[in-house]
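Some notes on the structure that comes next.
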């Protein structure tokens, strides 16, 4: 067993594709396949189920994956420890993020971090808070950003950014700068995804005033923030999004504060508590903490 085989396996799992893993590893796809086959032969178990359009781990593969990540990170830390400068940190940093951090502060953070860590490459996966948590727990990424405090003993959380939610609507609706929670139910809603923390908080607020989530009119479900904005702009319905994001849409949609919906949101950086981060992930986590302390 050598590190090239382990890296090939980890990258195939992370990217769910032999071709994408080949690009990330700077190997050819046949080389990746050979590394995986040799690793499986040496271990005496099948690690991956190869399907027509995707790759999934077997039960043995899932068990080995956790150790494989630790081995790669340990090697990277050892190399980093004897290097002449921490600025020479390199590698691929996989980040899992929910929608709002992914389009507000994260792009700026990555750009600034890149100025002093030019050798690091990034793989950013955008989903919802629940999926981010699950992916971090499954080690499909080292650093995550979510829109709620995670109550899990395996997760380390650090406050990064605070914001509040507002209602956006088609300009043709003629809504003012404020709207009550009760009045918002007059309009059909467009939501990002079922695991959205914003949607969950809104439905909980509705329940407190006696409105069942099933009674809230539903117009559409989209999995992309830009698509959501375009759908609202086109007149299909209203939505609840971050005020910071909403400010970038002024002129395209109307933006209203919800007077009796106190949804001050906090966003957190998360990572596994009892797992060693790679030098790239450790450097980025330190950078994010320094930014949030400013």
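What to note about this one:
- With Cα atoms, 0 to 90° folded angle of helix 3-15 axis to the chain main axis: 20
- Rounded to the nearest 500, the helix-only mean residue ellipticity at 222 nm of the chain stands at -13500 deg cm²/dmol, with each DSSP H run of n ≥ 4 adding -39,500 (n - 2.57).
- 0 to 90° range, to nearest 10: angle between helix 59-82 axis and the chain longest Cα axis: 80
- When log10 I(q)/I(0) by the Debye sum over Cα atoms at q = 0.11 Å⁻¹ is computed from the coordinates, the matching label among (i) -1.12; (ii) -0.67; (iii) -0.74 is (iii).
- Approximate spin-label separation residue 172-residue 212, in nm, with each point projected 7 Å along Cα-to-Cβ: 3.2
- Looking at the chain, the DSSP beta bridges with both ends there are about 55 percent antiparallel.
- Relative contact order [Cα under 8 Å, 6+ residues apart], the range 163-262, whole percent: 56
- Its relative contact order, with pairs defined as Cα atoms under 8 Å and 6+ residues apart, puts the chain at 22 percent.
- Modelled this way, with points 7 Å down the Cα-to-C-beta line, the labels at residue 42 and residue 115 are 4.3 nm from one another.
- Cα gyration tensor category, rounded, prolate or oblate, for the range 1-141 with a/c compared to 1.5: oblate
- Distance from the Cα centroid of the range 1-62 to that of the range 222-268 is 40 Å (rounded to whole angstrom).
- Cα gyration tensor shape of the range 192-294, rounded if a/c is under 1.5, else prolate or oblate by comparing a/b with b/c: prolate
- Between 208, 118, 41, the Gaussian network model of the chain with springs among Cα atoms under 10 angstrom shows the greatest mean-square fluctuation at 208.
- Per-residue Cβ neighbour counts within 10 Å put 93, 149 in the sequence 149, 93, beginning with the fewest.
- In degrees, nearest ten, helix 29-43 long axis to first principal axis of the chain (Cα): 70
A short reminder: the numbers here are calculations on the coordinates, not readings from a lab. Everything numeric here is computed off the predicted structure, so don't read it as measured data. Note that we place each Cβ from the backbone using ideal geometry, even for glycine, and neighbour counts take in every protein chain shown.
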